[in-house]
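Worksheet for the structure shown next.
The values are calculated or read from the model by the stated rules, or taken from the named source; none is laboratory data. Quick caveat, the model's predicted, so the values are computed rather than measured. FYI the Cβ positions are ideal-geometry reconstructions off the backbone, even for glycines, and counts take in every protein chain you see. The accessibility values were calculated without ligands, DNA or RNA, using every heavy atom of the protein model including side chains. Shrake-Rupley method; radii C 1.70, N 1.55, O 1.52, S 1.80 Å.
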Amino acid sequence: MTPVTDTTAPVLAIDGPSGTGKGTIAGRVARHLGWQTLDSGALYRAFAFLAVENSIDPGDAEGLEALSQSSVIQFVAELDGVKILVGDRDITDEVRSESGGRNASVYAKVAVVRKALLRRQRSMRRPPGLVADGRDMGTVVFPDAFLKVFLDASPAVRAQRRYKQLKGKGFDVTLRALEREIAERDDQDRNRAVSPLVPAADAIVLDTSEKDIGEVFAEVMQFVNEQLDPEKTPRS
Ligand code: C5P
């Protein structure tokens, strides 16, 4: 059964390129508030994985549409992140790899894919609230989010962070390859015609290059509290 979307549930949108700590911050804030999370990147990764597995070309709009109707992608919350399932198959490791990110970025350019995944993303909006992270949470998916944060960092710092993260998960990667990968994916995500990676006009942009996760979490929580506490919210 498709869950009923509750458009009154508050949404915190956290956007930005890869390696800025979005996913970690989104998870921490959601745990702190007791809210749901939406890792929209995982959805794009899982969809691209299925498209590649079924040999559906990014130019095949009909095939992609049919895949979006037939595919059942599930997310299961675990202590160290989210497990991604297709039916009863665990595809977490495949989709979390760098090639998983590259494929996601290729299929994410296709309008029919973005349209198909839009409803699924919005259906995650349920009380008491949702923390959604991705590229277009504040601009397209949840334009009425009560707070939009855009996390950024220098490409060198982001490559270092991804390197540590992937090494920690046992992936065989090099810093050089990651720097190249990040530059390519940035270029693709920022310059695509549909839902390009840009901060929403009303987003707070935070450069996290010189900050650790604890500092970024504290700053984001301060913005959240200011918005959620009516005493601190400016009255019109
Ligand atoms: O966030 P993550 O690195 O997992 O995202 C993988 C890719 O999925 C991104 O590089 C981007 O191309 C695509 N994506 C997107 N819109 C989102 C989330 C992810 O286009 N909201």
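Going through (1) within 30 Å of Ala156 (Cα to Cα); (2) of a type in the set (Ser, Thr, Tyr); (3) modelled with pLDDT of 95 or more one by one, Thr92 falls short only on (3). Restricting the first member to segment 166-185 and to residues that are touching a residue at least 12 places away in the same chain (Cβ under 8 Å), and the second to residues that are β-branched (Val, Ile, Thr) and open to solvent by less than 50 Å² (accessible area, probe 1.4 Å), the beta-carbon pairs closer than 7 Å and six or more apart or on different chains are Leu166/Val173.
The rows are residues; the columns are (1) away from the ligand (no atom under 13 Å from the Cβ); (2) closer than 16 Å to Gly16 by Cα; (3) out of contact with any Asp or Glu (no Cβ under 7 Å at 6 or more places or on another chain).
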| residue | (1), (2), (3) |
| --- | --- |
| Val149 | yes, yes, yes |
| Arg158 | no, yes, yes |
| Tyr163 | yes, no, yes |
| Val173 | yes, no, no |
| Ala183 | no, yes, yes |
| Asp186 | no, yes, yes |
| Arg190 | no, yes, yes |
| Ala218 | yes, no, yes |
| Gln222 | yes, no, yes |
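Would a scan of segment 20-35 turn up a residue that is within 21 Å of Val140 (Cβ to Cβ), at pLDDT 95 or above and either surrounded by fewer than 17 Cβ atoms within 10 Å (Cβ to Cβ) or within 11 Å of the ligand (Cβ to nearest atom) (or both)? The answer is yes, given that some residue of segment 20-35 is within 21 Å of Val140 (Cβ to Cβ), at pLDDT 95 or above and either surrounded by fewer than 17 Cβ atoms within 10 Å (Cβ to Cβ) or within 11 Å of the ligand (Cβ to nearest atom) (or both). Selection of segment 180-192 for residues being surrounded by fewer than 17 Cβ atoms within 10 Å (Cβ to Cβ) and out of contact with any helix residue (DSSP H, G or I) (no Cβ under 7 Å at 6 or more places or on another chain) yields Arg180, Glu184, Asp187, Arg190, Asn191. Screening Val72, Val76, Val82, Val95 for residues that are among the aliphatic types (A, V, I, L, M), more than 13 Å from the ligand (Cβ to nearest atom) and closer than 23 Å to Lys169 by Cα leaves exactly one candidate, Val76. Number of residues in segment 100-120 that are touching an Asp or Glu at 6+ places or on another chain (Cβ under 7 Å) and more than 10 Å from the ligand (Cβ to nearest atom): the value is 2.
Within segment 39-58, the residues that satisfy the criterion of being farther than 17 Å from Ser70 by Cβ and near the ligand (Cβ under 9 Å from one of its atoms) are Asp39, Ser40, Gly41, Ala42, Tyr44, Arg45. Filtering Ser195, Ser209 for residues that are more than 16 Å from the ligand (Cβ to nearest atom), surrounded by fewer than 21 Cβ atoms within 10 Å (Cβ to Cβ) and polar (S, T, N, Q) leaves a single hit, Ser209. Of the residues in segment 94-101, not one is within 22 Å of Pro10 (Cα to Cα) and among the aliphatic types (A, V, I, L, M). Taken together, Gly81, Gly34 contain a single residue that is in contact with an Asp or Glu (Cβ under 9 Å, 6 or more places away or on another chain) and over 27 Å from Ala201 (Cα atoms), which is Gly81.
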